[in-house]
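Below are the structure tokens for one structure; questions will follow.
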Amino acid sequence: YRLQDAALRTAGTGSLGRQRYALLLDKGSSQVDWEKLRLVEWKEALDPALDTRKPDVSKSRARRVFEASSAFQLVPKRYLGHTRLNGTPMQGREIGANDQRFAHRHFADLERFTQAAVLFGGILARAHLLASPGKGGPRPIPKLVGEQEDQWVNRVLSFAATYASQVQADHAELEERR
């Protein structure tokens, strides 16, 4: 591939990396072929903001993000990688049409929100499933449940209800303290 253009942009608040480079690459022929253009983003790999008040960089952060991304996706994005730039860990990936974020205003309708929740729940469940090959994970659940499915479902629902009650109690305590 041949570098056609590069742009530096500053984005985010630090936990996802502020410095980002968008690289426009082509296959290297004498004429630009729109089908062979690739937009690759390299960005800082900072530690999560929940770990520290100020952006911090651990040397292995980009590698850990790369490994997690590879494990999480059935077919990882092309040009997924990691490197260091002036001592800072950087992670890279191809930017594609599916990288746009959805606008929250499009989900004000309860039916559409419910459809999206079902879809995102399915994606999350699949991500958990894909991340667990060769490990315990959710794969053996149907075999373990066997003919006691009703009992298992009741236990899961009981746990969910108890957990929801605890979340509501924690939120009420937070509101009271605030």
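Work out, step by step, the length gained on full extension between residue 159 and residue 7: first 0.36 nm times the residue separation, then minus their alpha carbon distance; give nm to one decimal.
49.8 nm
Among the aspartates and glutamates, which have Cα under 12 Å from the Cα of residue 36 when same-chain residues fewer than 8 positions away are ignored?
Here the aspartates and glutamates satisfying the reach criterion relative to residue 36 are 26.
Every number in this text was worked out from the coordinates using simple rules, so none of it is lab data. All figures in this text were calculated on a predicted structure; none of them were measured in a lab.
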